[in-house]
Every structure is written in structure tokens, then in C-alpha cells.
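Peer 1: Take a look at the following structure, please.
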Amino acid sequence: AGGGERTLVVANWKGYGSDSEYAVEQFEKANNCKVVHQYYDSLEQMLTMIRQGGNGKIDVVLSNMAYTDTAKKEGLISAIDTSKLENYASLQESLKEVEDVVDEEGKVYGVPWMWGTTALGYNKEAVGKEIDSWSALWDEANQGKVTMFDDHITAVLVAAMYIGEEDPYNADLSKIEEALMALKKNCKLYWTSYDSFAKPYSAGEITMGPLWSGAATQLNATGVDVEYVYPKEGVVAWTDYWCMVEGTKNEDLAMKWIDWMSSEDFQKEYSSDLEGQPPVPANVKVQETLSDDVRKALYIDGDMPEKLYFQKAIPEETNQAWLDLWNKVKAAQ
Amino acid sequence: MKKKYPWVRAIMILVYAFMFLPIGIVILMSFNASPYGTFPFEFTTKWYELLFSGGDLGQATALSLIFSLLVALAAVLIGLLTAQGMRRIGKRKAAVFSQLLNSAIIVPWLVLGIAMLILFNMTGLGRSYLGMFLGNTVVVLPYVVLLVYPALLEQKPNAESAARTLGASPLRVFWTVTLPGILPAVAAGGLMALMVCFNNFVIQYYLAPFGVRTLPLEIYNLVRVGYKPDINALASIMVVVSVGLVLLVSRLGFGKKKGLFW
Amino acid sequence: MAKLCIEGVSKAFGEKQVLSDINLTAESGEFVALLGPSGCGKTTLLNTISGILRSDAGRVLVDGRDIGGLPVEKRNIGMVFQNYALFDHMSVGQNLAYGLKIRRESREEIRKKVSEALEMVRLPGTEKRRISSLSGGEQQRVALARAIILRPDILLLDEPLSALDKNIREQMQFEIKRIQKETGITTVFVTHDQGEALAMADKIAIMRGGEIVEEGKPQDIYVRPESYFAASFLGTNNLIRGTYDAAGRRMAAGELFLPLERRDFQDGQEVAAAIKEEYVHITKPGNGLSGVLTEKLFLGQLVRMKVSVAGHELKAVAMEKEARELLVGETVGVELEHIQAFAVQ
Amino acid sequence: MAKLCIEGVSKAFGEKQVLSDINLTAESGEFVALLGPSGCGKTTLLNTISGILRSDAGRVLVDGRDIGGLPVEKRNIGMVFQNYALFDHMSVGQNLAYGLKIRRESREEIRKKVSEALEMVRLPGTEKRRISSLSGGEQQRVALARAIILRPDILLLDEPLSALDKNIREQMQFEIKRIQKETGITTVFVTHDQGEALAMADKIAIMRGGEIVEEGKPQDIYVRPESYFAASFLGTNNLIRGTYDAAGRRMAAGELFLPLERRDFQDGQEVAAAIKEEYVHITKPGNGLSGVLTEKLFLGQLVRMKVSVAGHELKAVAMEKEARELLVGETVGVELEHIQAFAVQ
Amino acid sequence: MKNLENQTKQAHSRGRSGLASFGLLLPGGGMLALLVAAPLILLIVASFCANDSFSGGFTLANYQQVFADGVFTSLMGKSVLMGLAVTLGCVLLAYPVAYGLAKLVSERARGSLIVLIIIPFFTSQLLLIYSMIVLLQGQGPLMSLLALFGADPSASILYTDAAVFLILLYEFLPYMVLCLYSAIAKIDDNQLRAAQTLGAGRVKRFTSVIFPKSLPGLLSGILLVFVPVTGSFVEPDLAGGSSGMMVGSLINSNFAAAYNLGRGAALSVLFLVILTAITLVINGLLRWAGRGRQRL
Ligand SMILES: Nc1ncnc2c1ncn2[C@@H]1O[C@H](COP(=O)(O)OP(=O)(O)OP(=O)(O)O)[C@@H](O)[C@H]1O
Ligand SMILES: Nc1ncnc2c1ncn2[C@@H]1O[C@H](COP(=O)(O)OP(=O)(O)OP(=O)(O)O)[C@@H](O)[C@H]1O
Ligand SMILES: [Mg+2]
Ligand SMILES: [Mg+2]
């Protein structure tokens, strides 16, 4: 390594594509620089990271749509000149420049990278029939075999879809509470991480529950059969955006990184790495060229669900209220 | 005296089995092909290959070991000073001080970790190596003192005075007489500190600088993406090495000196 | 080889006065034994000499030089403790070399001195042994060697033999005495075994409640003590109270009349007498006073007896041979010797 | 108040045979002292009697009843340990009441017995005291009281006095003997202080390497031992080797000829003799053998002397009075008594 | 012996020693003050502050909110029960083990056995929790074994409070063993023998000698077990199933899921106060029991 080599600091989840060998090596070679990853293990931590001492240290950060709004409002990330990105045009239009990533002046703060869903995963063999509705979670026949994602937002949204709320983000909390209490009776456990779903699921302790699409992909790829379906009531979805940290000294490199992450080469490679929990690539060209097997593995082979509720920024009070509600449900004996 | 208390012996065997059963599982799983620890068992060594093909796990282990060693070292040094000071101020005042140490043990790490983070953020120290080091040290310090202080009190009387009459300065007395006399307790304290720090997820979770991953944090991260049994392989190696060390040490007869612990 | 002078040394722990105005001199090469009941301040006195404790008042002079200002390690005073206080994490050789190494003597020198010292305490070639592998008596000798190897001006011994069995103890008494004579180091020896003090010391100082009551040569102080405390403390005594009869130059205790050597009492003055049991001689009837033998207990070398004389029961002791013919219940003659009498304050 | 019979008791720890075929009887009310060098198995023997250890072979009978099958707590055997083993988390009263409470005696009864027992050991009214506030001698008495309050059939004492000062020790010897007489409890007493054993016991058993070498009345065993070991172990001895001269009915050791009482040796047989130092009587020249006094050491009651006779240096001891006129360097007469001779195996 | 002790005391209670002792205690004491006391005070202050930046003025709102929905009270109750159960389990298992270590095993084996009991913790704690889960889960080794005796292999106790209990017991048993061992090792063998010759059987020996004399060790063991168990959250989250939540998770989620400093602080303060109170009560009860045994 030469003395004048520059270092690009990237913040992301661990094992989420960007830290794979091919991603890092190719970029380093092409740009004669070094790439260092900083991992966060929650999006709150991601925010705190940039807030405290992250400025000037972290150059690029991957953020969930729901959190770019906060980051943007707090001035933690800077606007991106999308015209300088070669691959921006190829990205899925519906994900670009949505409310949470642009400001009043129309400046763009996040470049879509991947998206995925939280739908219903189940063990077809154990359940013995096809499932197409969230109501299966509430079905007494599945008592003791159900799990729920231990996340107040997912929990509220799923419950809202189950009871048929028009706008899940403004649902009637008392009804939600009722539904979640009912669900608790059926639930064996609440899962918190990939492992805490995968282990009991593969051991047969549980047979169904809300699941990340990437998690389902990885499970299938490692030999554990799981059906992943989009329930008719709707599906929670999330999008991850690349953002540039305010005050970075490596703006050029950061832009190149974002471009590289959006590129066909990279996205295609990552999408085919089925054991790496790959979500759906935002690059349309990649989406089109994916093999049928991969499309199937990513659950984008058939019709996409009509009702796709993207996780978006919610006000602080709502967040606290949902959390309190979820804690109350969990605490109930 | 043999064969007295058969039920006590039975419970001992049971408890030791209980303590090493999960270890057995870890070792078993490190040779099991299934990444989720499910049966049927299928023998493989691929996790060991994966482990030795490099990667973050090795780095995290090295970091944790070095960090815990440093923390244990600092805790032993400060603990020695503290214990010596406690002995000098007399039993009654020392009792008050050990209450203070106790309180550092009983405050749950969760609460303490958060409270320290708030303090560090206020003082501008924030998440940093220094903060993580201080936090872990203060958490293990009481274990060291509570082991070393009684040993100091039980020191063979007069040996220190004897050394003085032979011309040794107080400092020299400490190094050549006091310290060797309490070495088993100091070793026990250091070991305890090492273990507690090596395993301390909570404090490190709150105080580690961003991007710095000690072994507990690394495993915590891995759990989110799905950890592979290469951790089991790592743990198996560590346990086998430490059990081997213990047995070796006892063979060599260091353990014979009454009570390596307490 | 130095003269030790303790002048007016006092020491209190909090309220408690443990040493009050102690004066004591040990001539160069002299062996002084400190004797006294438990808690009288013997250890405290040694500690103020060695510097482990700082006295509240008074001076400690070695060859006329006040060493009060020096820290322990600068005083060149050797000390042997009751529990030996050996460094059990070191070998015998390392224990002996400890002080020499601090003095930065050369390796060769150290090796030589260590082997000489071990020879002196009759443990040659034990340099490599672990302390824990030595018997009590051997440990004691190592402790002694460690103290004298530095050729201290003064050697202090704090009940060095009290943890030993009788047999090894007697042997060690002999060894210590021999080594002290050979090296000529001025020595202060604390014990509460009288036989030990009597057998070993050139001079005995008797302490009580933080004061030195009396000092003198062993036989003098044992047979002709100057204080009632020393008289009653040393040996096994018959203690008798009575009044002085100036005319008869004797004391009267009920019907028992004891002739006294001391004459400086007034007629009718209350007097306390101490007669050591071995100075109550029991003989054939007709000699001296007349009494009845009431008890006889075989102790091996000696036989302890009790004899009833003029309403008093006196303890007596005799060699087995002499007591052989005396039978319990018989009338016997009783001769008293060395009656020590003191005025009652 | 029971007869204790130990029949053929053996015990090994692993390879090491610690007791070999021990036979010992203590008559009802008898006070038996076990005497022997350190490590000879005294404690082990007591422990097999009390049941703390299980013997490998042999029987322990109390009044003819084999108690081998009973657990310790059912044997009704009292024990006093060297370190007292008092429950220091309880008061004196609680310590004494401990066994009574287990026997579910009534509160009234317990209170009465505790206060009586404390009276017996001369510590009345100390029920509420903490153990740590008692002196060594007082603790010893509490331990004794705790053991006898249950009126055990047998009382075992394992070096109960070895941690005490000489003065308290003598006092306690007397107390223990008195209490044993008063209660009449059959007692086995372990010590390695000969004076103690001689003064207290009705019978002494001498142990060596896991065997009982000899037993007998104190004075008998001391003065007329049947084994060379007992002869040389008890007291301070002059040990002399020589050959038997059948014609002269004496043994010859160099130029020294010792007349022997025992005649059952063959001419020229190798013989070992032990003469206790107090049976070497030093007198005016002319009596007995002729020797030269080489050393004299004042020990208080006794004076220890060394005398050179016919090329042998003999230890002698005498009362101060008798030794007074003997001067070192003078020619003296030496009379020997109680020469114990044994064939050398 | 007594005056020997005195001597060492003397050696350290001389002039200037006050200052030197202070110097020795400074690093340790300072760390405790700055890193334990100060943060806790800060936490208490935060719990009474209206906003997170310590500038909102005094308020009780945080505490009111904590008690508003009853979640805290029920979780606290459950956690305390779990804490008590695990502590009791540890005590019951640790006493025989500590006794065996201190009095039954050979000197040679003792050192190794004591170190061995903490060796499992040189792997990661999280890993041990997972392996316990593997052990307990349906179709896992334990259930498969039990199936041989006719149990239903898929009906495991995992994801119930019993599983959490077992895991916590596993994690904290060594602390209790070590504490009790150190206390029991100090008990004089002769005192136990003396009790025996005075007619005390096993139970009586335990209640009258071993228990009172190991009380200090027991108390520190309880401190080291009860408090962390009650505050645990990883174990119940992983193995407790849907009803497993304990109070630690509540505190954690208020700091991690929603950064609500005031509420989290109030929860922490309450938690600490309640735990301290319970610990004091247990202490008192045990001391009373230890003493009660000995009354005349
Ligand atoms: N550090 C101390 N603080 C308070 N009192 C003390 C201290 N050291 C000794 N003493 C008291 O001073 C007195 C004399 O103690 P010292 O140890 O000198 O006695 P001693 O003559 O050596 O007795 P022993 O023969 O028992 O060794 C005792 O009453 C003791 O309790
Ligand atoms: N538990 C044991 N295991 C192995 N050897 C033992 C044990 N207990 C005692 N011994 C050995 O048995 C022998 C006799 O020991 P015991 O304690 O009975 O001697 P003792 O006559 O009481 O000695 P002392 O006078 O020193 O108390 C000793 O050599 C001792 O080392
Ligand atoms: Mg003393
Ligand atoms: Mg013994």
C-alpha cells in the first residue's frame, strides 16, 4: 500500500453486502484507496454514531428510509448531486426521491440501494396447507408454533394489516393492542435476530412468523425449507439508502462508492450470494437480468403485493407510544 | 474419609457435568455440519477450516484478549494499591470501603453502562477506548480487591517486619515479600478480572468506540446475520486450551499451595 | 559488637500506656533476657528498638549514637521472630542472601557467607531446600542465620523458641547461646520461659506492666530478688503473709514463725514472704519444723510434695531419690531456706 | 464410667500403616495418658475411638459393647481438641448447651447443667461471654466443660494443653485431674509433654510408629521401663553402649564399668544402657566412681552438670542446694543408680 | 497470636501513614467515585429531569409514566421472583459442591476443580446461552434422551420460564460456589468433629456450624447472584418465549429502542432501590436465622 493512499470509511450492518470481499477489493483496486467498515447493530446506533464523532470519520453510511429523515433534519448527512452518479438512472424509479430522502428544496439525500419485505415465512410441511393471510398467525390451530418479530414497529404494522386498518401508520392503538394480546396466546416466542428465528425454526419449535425476505433466502440457501409468502392484507417493506455524511473529506471517493454500490456489477454479484441474506436490488437492469432461480430465491418472481407499506419516519411520540404498547403486550402474563 | 457423604459427591459430579454439558454441546456443534445446531449429527471439520481461513473472528478474539489482559492488569495494579491502603487504615474503616466496592458489584452493568455512557458523553469523552477501558476496569476492580484484601490480612505476620530489619525499603518489602506471599490471591483476582472482562458484553456494548468489535460485540453482531459454528470451533479451542493449562498447572504442583482461590 | 542503651523510652497505644520510662543497658556482647508476664510490653520494647514502632519519648543509643531518627532498614539491627517469619517463597539460601543482596555484595561473597552461616547453625548444604521442607527447629536455625549473617550491631530475639517441642527447644537454647558467644553480638532475648532465661542469659530484666522491675544476673535475681514481684514471679513459690516480730527477728504467720535475714522492718509491720518450693526441704522428723506430708506427686526427675506445717500448706519439691522414703501421712521435718521477705505496700 | 477396650485396631492411610494392631484397656474411671513422638499415630488412635476415623481392623469396646458400627454422634464419647474447637459464633453458654439441646433436654435442665458445669471448671457466670473474649486457659476450660457436660462414657483429650503457657498449663493439669476424679469419667489423654503425662495419668502408654511399645504406672514406666525405647524416650538420658561381662555382672564401655541388675545377658553380648541424668549423683570425691566436673548451668530449681568419667561425659542434674558446693574443674565422686540395660538387636 | 496481629497493625499505623494510605486508596477510590458514584448520581438527576439535556427542570413525570400502565410493577415482580428462585437454586446446589471442594476432595484436585468451574466462561457467555438452548430444544440432546424414557421429544421446556431459570442457574452457579467455598474452607474441621462428638447429626451440623459460619460467604454470594439475575435481559429474550420478558428488557428498550433517557433513568433508579431493599431484607433474615439457631 502506498503512503498517499486514502481511506474511505463505510458504516453498515455487518455482513450486508458492502463488506464482502469482491465489493471491497474491486473498489480499492479501481480507486487506489482503502475501504474500512464500521458496523452498527441498530439504526439508533447508526444515528448516534454520526452524531458523536462520526462526522469527519465516517464518509458513507447506509441508512433505512425511516431514519434518513431524522439524519437529514439533524444535518448529519449532506445532499448528493445525483447527476454525477453514472448508475443513478438505472435505479428503480419508485424508490428514488421519496418523501423521506428529499428536502423542501428537492435536494436528494439518499440513493436507493436495496429493498426488501417483511412478509410471512412458514413451514409448509409442518403446517400442512398453503397460507396467504396474516390471520394464520392468529389461527388457534397454530397455537404455540407462532413467532413474532420483537420490534414494536413491525408488530404494530402487522397487527394493523391483520385487523384491516386502512392506514397502518394511524391505526387505532386500542384495537392493535387487543390483536397483539390475542397473538401473544399463539406465540411461542418473539424473535430478535436472524439466529433467534433460524434456530428454533430449523429445530421445529416454531413453524411460522413474520420474516425478512433475505432471511428466508438464506434459510432456503442453507438447506432449511421455508415458504415465504406475501399475505393478501399487505406487507411491510423497507428500503436502504446510501447517504454521504456531512463534512466528509472524501466526497469524491464517497460518490464513487455510492456509484459502485448502485452498479450492475456489484448488485448482480450480491443478489446471487444467497447465503448473504440478499434483498432485492434497486438497479432495474439487474432486476431484469437476474436468472429465474435467483428471482425466485429473492421472491420477486411472481406478482409483487399490491399493498406494500414502506417503513417510514414516524414522529417521536408515536414511536414511544408504539414502544409502550409493545412492551405492555410483552409484559402481560 | 473416603466414601463419606456419597450424596455430596453425587451432587458435585452432577454440577460439574451441568457446567460442562453446554461446553460439550459447543464442541459437538463445532463438528456438526448443520449451521443451526440441529440434529441429526453430521461430522465435519469445515468450521475449523473457516475459522483458520482468517476473518473478523480471529481479530475480535485477539482484541478481546489483549484488551481484557490490559484491563486485568490495571485492575490488579489498582486493586493491589487499594487493598494495601485498606489494610493500612484498619479493619473498621476498611469495612466501609469494601461496602463501596460491593455497591459497584451490585449495580447491574446495564444501568452502570448506560450511566457511564451518559457521563462520558457529557464530558466529551464519548465512546472511546479510554472510556471502555475505564468502565471495564472499574467493574472488575471489586473482584480483585475482594480477593486480595483478605489474603493481605492473612499474610504471615512479621515477614514484612523481618524484611525491613534485613535492610529492605518499604517498596522493596512489597515487591519481594508482600506480593509473593499473596500471589495466589492476586492470580485468582487477575483471572477473575480477565474472565469477567472477556465476557462483559453489556459494558462494552455501551462504551466501545464505534467500529471497534471485541469478541462479545462481534458475536452479538454475528447473531443478527446468523453466526456460523466457526464460533463454536473457536470456543472449543479456547476451552480445550484453558482446561489443558489448568491441568498442566496442577500437575506441575502450583495448585497445591493451599487455595489458589481464596 | 555494640553497646545498647535504652533511655527513658515510653510508648502508648491510644490511651493505653504500654511502656513507661524504660531504662536498660546491654553491654557489648552481652546476652540480656527480658522476662515478664504476657502483655507486659516485651514485644513492644523490642519493636521500639528495631524501629518497627516509634517510641513516644526516650532514646535508643547504639554505641552512644542515637538511632531514633533512622528507619528500620538503616538501623543494622537483626531480629528473629517467634514464628520465624521466613520468606517461604524463597529457598533457604535465598532467605539468607536477602539482606546481603540489598547490600549489593558480590555473588561470590554472598555464596561464601551463606554457606558459612549455614555451617554455623549446623545446616550445611541446605541452600536449595524449600522452607516448608524444614522442621520447626531447622526453620528456627535458618531464621537465626538470616539475622546474624548481616553481622548486626544488635540482635533481638522475640520468643524464638516458644513454638518448639521441649527436646528441640533445649537443643536450640544451646545452639543460640553458642552462636551468640561465637559471634559476640549484643543480644536481647524475650521469653516467658524462666528456665530458658536462667539458662541462657548473662543478665535478666524482669518486666511488669510496661516497666522494668528488676535486673540482675540469673542466679542473683532468682535466689535473691530485690522485689516482691520478682520473688513471686520466678519459680514456684509459697507466698505467706504475716507480721514482723522485731524481737525474734522473724515473721509470724499464724502459728508459723519464719526467721528472716532482712532486718529493716518495724515491729508489727505487715510482711509478705516468698519461699521457693525447692527451698522447702523435707527431711526426717526432728530436723527444723515439724509437719505432715499430705501429698506426693511423681513428676519424673522431681517429686512435688505438699506438707502441712503449723496450719499452712507448703509446696515442696525434691529429687526422686530424696523423696523416696517419705510417705504421705507421715510426720516429717521441714527446713526452710532463702525466705524472701518484703514490706507490704 | 465405663471400661474401654481397644482390641487389635489397625489403620492405614493408603500405603502407610499408621496404627498396627493396637491393644489398650482403660478401666472404668481410669486416666490413661498416650505418650509418643510426633507422628506416631496418637491422634489417629483417638479418632478411631471416637469414630471420626473408621479403623481397618479390630474392635473398640465400651463396657464390652462393640461400638464400631455406631456413627460418631451415637457413641457418647466426649472429645477435647488441641485447638479447643469451640464454636466461636456462639456464646459460652450456647457452646455448653449445644449437646444438651440435641438431646432435647428441657430449658430449665439445660440452664442448670450449664451453670453447674461452669462452676466445675471455675468459670461461674460466664454464660453470656463471647468465646473470643476468653483467654487461652479459659477457652480450654470451656472446651472441657462442653465435653463433660454430656457425661460421656469416655473422654478423649488430644493435647489439650499444648497451646498454653507454662503457668496456666500447670494450673489446667491440676483442674483436669480434679474434674476427672470428681466425675470419674474414663479418660484417654494424648500429650507429648512427659511431665504432664507423669503428673496426671493413672497409666501411661508409650507409642511409637503406630504401635504401643509399653504401658504401665507412671513411676514404674519411668524408673523401670521394659524397653530400650521407653527408657531412652522418657526423661533426659545418658545413653551408653558396651558389652556384658558375665563374670563381673557388669557392662564394660571402654574404661567405664557399670554394674547391672539384669543378669540375663550372655558374656560378651552387646548391651545398651540408659541412665537418667538425675540418677547420676555427684558427690564429694571418694564416693563411687571418680570424675571431673566440666560444666554447671543454673536452671532455677535444678542445676545441670556435666561430668567426665572414665572417658565418658555424663549429664547430671541436681537441686541447686546440693550442687552449691561443687565447682567446675574439681574432682568429684559419681554414683550411678537405676542403670537400665537392654540387649542390642 | 493476638499480639502478633497487633504487631502488623502497629507496623502500619505509624506517623505519616495517614497520607500514604490516602495515596494508596486514591486510584481505586477515585475510580469508584468517578465511574460508579458520579454516573449513578447523574442517572438519578436525569430521572427527575423533564428533558434529556438536563435542562428541563425538576419533574416527577418520568416516575408517573413508569407506573402509569403497570408494566413496570408486573415485570419487576416477575423478575424478583426469578431472581429469588435462581438464587435459591444456586444456594441449594452450591452448598454441597462448596462443601465437597473445601472438605472432601484431595488437596491436589482442589485447585484444578475450582478453576475448572469457571472455565466455561472463557468461551462467550452468549455462546453458552445458545448451547443451553440447543441442549434444551425440542428434538435436542436432552429431549432425545428423555424420549428414550417415553417423553415426547418435541415437547421441550424451552421458551418457558423454566428454561430461563435453568440458563441463569447455569450462569451464576459458579459465583455462588466460589463464595461459599471460600467461607466453608475456613471452617475448622475440628469444630465439625466436635459437633459430631456432641451428638450432632448431619442436619444439625449444617444448621448449627456450617450455615452460621458460612453466612458471610452466602451473603456475598446472594449479592453476586440475585442482583444480576433480576436485572438480566438477554436470557429471557432468547429463551423465555413470548411471556419471558423481564424488567431488564424494559430498561434496555427504553435506552436502546427509543432513546428515552428520563424514563430509562427512572426505571433504573426504581430498579436499584427495590433491589437494594430486597437484598437488605434477605441479609437481615439470614443473619437472624444464623443467630436464631444459636439462642440458648
Ligand atoms: N497496636 C496495638 N494497639 C493497641 N494495643 C496494643 C498494640 N500492640 C500491643 N498492644 C498492647 O500492649 C500491651 C503489650 O503488648 P506486647 O505485645 O508488647 O506484650 P508482650 O509482653 O510481648 O506479651 P506476650 O508475652 O503475650 O507476647 C498489650 O496489652 C497489648 O494488648
Ligand atoms: N488423613 C491422613 N492421610 C494420610 N496420612 C495421614 C493422615 N492423617 C495422619 N496421617 C499420617 O499418620 C501419621 C500419624 O498421624 P497422627 O496425627 O495420628 O500423629 P500424632 O501422633 O497425633 O502426631 P502429633 O504428635 O504430631 O499430633 C502421621 O505420619 C501422619 O502424617
Ligand atoms: Mg510478645
Ligand atoms: Mg496429634
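The values are calculated or read from the model by the stated rules, or taken from the named source; none is laboratory data. In this text, all values refer to a predicted model and were calculated from it rather than measured experimentally. Note that we place each Cβ from the backbone using ideal geometry, even for glycine, and neighbour counts take in every protein chain shown. Areas reflect the complete protein model, heavy atoms only, side chains present, ligands, DNA and RNA absent. Shrake-Rupley method; radii C 1.70, N 1.55, O 1.52, S 1.80 Å.
Peer 1: Go through the range B:141-184 and count every residue that is in contact (Cβ under 8 Å) with a residue 12 or more places away in the chain, of a type outside the set (S, T, N, Q) and within 13 Å of B:Arg87 (Cβ to Cβ).
Peer 2: Of the residues in the range B:141-184, 11 are in contact (Cβ under 8 Å) with a residue 12 or more places away in the chain, of a type outside the set (S, T, N, Q) and within 13 Å of B:Arg87 (Cβ to Cβ).
Peer 1: Residues that are within 16 Å of ligand 3 (Cβ to nearest atom), aliphatic (A, V, I, L, M) and closer than 23 Å to C:Gln194 by Cβ: find the strands (runs of 3 or more DSSP E) completely inside the range C:10-113 holding 1 or more of those.
Peer 2: Filter on the range C:10-113 gives C:16-26, C:31-35, C:77-80.
Peer 1: Could you identify the single residue in D:Leu45, D:Leu19 that is more than 24 Å from D:Gln180 (Cβ to Cβ), within 16 Å of ligand 2 (Cβ to nearest atom), hydrophobic (A, V, I, L, M, F, W, C) and at pLDDT 95 or above?
Peer 2: On the way: D:Leu45 fails: more than 24 Å from D:Gln180 (Cβ to Cβ).
Answer to the check: D:Leu19.
Peer 1: Same structure, new question: Any idea which residue in the range A:193-215 is surrounded by the fewest Cβ atoms within 10 Å (Cβ to Cβ), counting only those that are over 16 Å from E:Leu127 (Cα atoms), at the interface with chain B (Cβ under 9 Å from one of its Cβ atoms) and not aromatic (Phe, Trp, Tyr)?
Peer 2: This residue is A:Gly204.
Peer 1: When residues of the range A:170-192 are filtered for being open to solvent by 50 Å² or more (accessible area, probe 1.4 Å) and in contact (Cβ under 8 Å) with a residue 24 or more places away in the chain, how many remain? Give the steps one after another, and end with the answer.
Peer 2: Taking the range A:170-192 first, the residues open to solvent by 50 Å² or more (accessible area, probe 1.4 Å) are A:170, A:172-175, A:178, A:181, A:185.
Next, only the ones that are in contact (Cβ under 8 Å) with a residue 24 or more places away in the chain stay: A:173, A:181, A:185.
The number of residues fulfilling the criteria is 3.
Peer 1: Residue check, C:Tyr84 against (1) more than 19 Å from C:Ala145 (Cα to Cα); (2) open to solvent by 10 Å² or more (accessible area, probe 1.4 Å); (3) under 26 Å from the mean Cα position of the chain (by Cα); (4) within 16 Å of ligand 1 (Cβ to nearest atom), all met but one. Which one?
Peer 2: With (1) more than 19 Å from C:Ala145 (Cα to Cα); (2) open to solvent by 10 Å² or more (accessible area, probe 1.4 Å); (3) under 26 Å from the mean Cα position of the chain (by Cα); (4) within 16 Å of ligand 1 (Cβ to nearest atom) applied to C:Tyr84, the lone miss is (1).
Peer 1: State the number of residues belonging to the range B:200-230 that are part of a loop (DSSP other than H, G, I, E, B) and either open to solvent by 20 Å² or more (accessible area, probe 1.4 Å) or modelled with pLDDT under 85 (or both).
Peer 2: Initially, the range B:200-230 is screened for residues part of a loop (DSSP other than H, G, I, E, B), giving B:200, B:208-214, B:226-229.
Subset that is either open to solvent by 20 Å² or more (accessible area, probe 1.4 Å) or modelled with pLDDT under 85 (or both): B:209-213, B:226-229.
So the answer is 9.
Peer 1: Select the strands (runs of 3 or more DSSP E) contained entirely in the range D:282-345, then report the ones holding at least 1 residues which are within 31 Å of the chain's Cα centre (by Cα), within 21 Å of C:Gly195 (Cβ to Cβ) and within 14 Å of chain C (Cβ to nearest Cβ).
Peer 2: Details: elements: D:289-298, D:302-309, D:312-319, D:331-336, D:340-343.
Passing ranges, in order: D:289-298, D:302-309, D:312-319.
Peer 1: Just checking: which of the helices (runs of 4 or more DSSP H) contained wholly in the range D:131-226 hold 1 or more residues that are touching a strand residue (DSSP E or B) at 6+ places or on another chain (Cβ under 7 Å) and surrounded by fewer than 18 Cβ atoms within 10 Å (Cβ to Cβ)? Walk me through it before giving the result.
Peer 2: Numbers: elements: D:136-148, D:166-183, D:194-200, D:218-223.
Passing ranges, in order: D:218-223.
Peer 1: Could you check E:Leu223 against (1) at pLDDT 90 or above; (2) surrounded by fewer than 23 Cβ atoms within 10 Å (Cβ to Cβ) and say which number it fails?
Peer 2: Failing condition for E:Leu223: (1).
Peer 1: Also, quick follow-up: Based on this model, can you work out whether C:Phe265 counts as among the aromatic types (Phe, Trp, Tyr), open to solvent by less than 60 Å² (accessible area, probe 1.4 Å) and either over 26 Å from C:Ile221 (Cα atoms) or at pLDDT 90 or above (or both)? Reasoning before the result, please.
Peer 2: Numbers: among the aromatic types (Phe, Trp, Tyr): yes; open to solvent by less than 60 Å² (accessible area, probe 1.4 Å): yes; either over 26 Å from C:Ile221 (Cα atoms) or at pLDDT 90 or above (or both): no.
In short, no.
Peer 1: Hey, another quick one. Identify all residues within the range B:78-129 that are open to solvent by 30 Å² or more (accessible area, probe 1.4 Å), in a helix (DSSP H, G or I), more than 8 Å from chain E (Cβ to nearest Cβ) and of a type in the set (A, V, I, L, M, F, W, C); write none if there are none.
Peer 2: B:Ala95, B:Val96
To keep it simple, each residue is scored yes or no on (1) open to solvent by 10 Å² or more (accessible area, probe 1.4 Å); (2) charged (D, E, K, R); (3) within 16 Å of ligand 1 (Cβ to nearest atom); (4) in contact with a Phe, Trp or Tyr (Cβ under 9 Å, 6 or more places away or on another chain).
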| site | (1), (2), (3), (4) |
| --- | --- |
| C:Phe31 | no, no, no, yes |
| C:Leu35 | no, no, yes, yes |
| C:Gly39 | yes, no, yes, no |
| C:Asn47 | no, no, yes, no |
| C:Arg54 | yes, yes, yes, no |
| C:Ala57 | yes, no, no, no |
| C:Asp63 | yes, yes, no, no |
| C:Ile67 | no, no, no, no |
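Peer 1: One residue is enough: does the range E:107-129 have a residue meeting the conditions open to solvent by less than 10 Å² (accessible area, probe 1.4 Å) and more than 7 Å from every other protein chain (Cβ to nearest Cβ)?
Peer 2: Scanning the range E:107-129, I find at least one residue that is open to solvent by less than 10 Å² (accessible area, probe 1.4 Å) and more than 7 Å from every other protein chain (Cβ to nearest Cβ), so the answer is yes.
Peer 1: Any residue that is within 16 Å of ligand 1 (Cβ to nearest atom), farther than 17 Å from C:Ser50 by Cα and under 15 Å from the mean Cα position of the chain (by Cα) - is there at least one of those in the range C:160-170?
Peer 2: Within the range C:160-170, one or more residues are within 16 Å of ligand 1 (Cβ to nearest atom), farther than 17 Å from C:Ser50 by Cα and under 15 Å from the mean Cα position of the chain (by Cα).
Peer 1: One residue is enough: does the range B:59-72 have a residue meeting the conditions of a type in the set (Phe, Trp, Tyr) and more than 7 Å from chain E (Cβ to nearest Cβ)? Quick ask: steps written out before the conclusion?
Peer 2: From the range B:59-72, those of a type in the set (Phe, Trp, Tyr) are B:67; that's our starting set.
Restricting the remaining residues to those that are more than 7 Å from chain E (Cβ to nearest Cβ) gives B:67.
The answer is yes, given that some residue of the range B:59-72 is of a type in the set (Phe, Trp, Tyr) and more than 7 Å from chain E (Cβ to nearest Cβ).
Peer 1: Modelled with pLDDT of 90 or more and on the phi > 0 side of the Ramachandran plot: which single residue out of C:Gly209, C:Gly254 fits that description? Steps first, answer last, please.
Peer 2: On the way: C:Gly254 fails: modelled with pLDDT of 90 or more.
Only one candidate passes the filter, namely C:Gly209.
Conditions tested, residue by residue: (1) touching a strand residue (DSSP E or B) at 6+ places or on another chain (Cβ under 8 Å); (2) β-branched (Val, Ile, Thr).
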| residue | (1), (2) |
| --- | --- |
| E:Lys204 | no, no |
| E:Val209 | no, yes |
| E:Gly217 | no, no |
| E:Phe226 | no, no |
| E:Thr230 | no, yes |
| E:Val234 | no, yes |
| E:Ser242 | yes, no |
| E:Asn252 | no, no |
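Peer 1: So E:Gln196 passes all but one of these: (1) modelled with pLDDT of 90 or more; (2) within 29 Å of A:Ser196 (Cα to Cα); (3) crowded, with 19+ Cβ neighbours inside 10 Å. Which condition number does it fail?
Peer 2: (2)
Peer 1: Further, regarding this structure: How do the helices (runs of 4 or more DSSP H) wholly within the range E:171-260 filter down when requiring 3 or more residues that are under 20 Å from A:Leu189 (Cβ atoms): which remain? Before you say what the answer is, go through the steps one by one.
Peer 2: Values: elements: E:189-197, E:202-205, E:211-230, E:234-239, E:247-256.
Where helices (runs of 4 or more DSSP H) fall fully within the range E:171-260 and carry at least 3 residues being under 20 Å from A:Leu189 (Cβ atoms), they are E:234-239, E:247-256.
Peer 1: Residues to consider are A:Val280, A:Val286, A:Val245, A:Val294; find the one that is buried (at least 16 other Cβ atoms within 10 Å of the Cβ) and within 14 Å of another protein chain (Cβ to nearest Cβ).
Peer 2: The conditions single out A:Val245.
Peer 1: Moving to a separate point now. Among A:Ser78, A:Ser90, which is the only one that is over 19 Å from the mean Cα position of the chain (by Cα) and within 26 Å of A:Ala297 (Cα to Cα)? Let's see the steps before the verdict.
Peer 2: Values: A:Ser78 fails: within 26 Å of A:Ala297 (Cα to Cα).
Criteria check complete, one pass: A:Ser90.
Peer 1: Could I ask something else about it? For the range D:40-74, which residues satisfy the criterion of being under 20 Å from D:Leu100 (Cβ atoms) and either touching a residue at least 60 places away in the same chain (Cβ under 8 Å) or more than 14 Å from chain E (Cβ to nearest Cβ) (or both)?
Peer 2: If the condition is that a residue be under 20 Å from D:Leu100 (Cβ atoms) and either touching a residue at least 60 places away in the same chain (Cβ under 8 Å) or more than 14 Å from chain E (Cβ to nearest Cβ) (or both), then D:Ser50 is the only one that fits.
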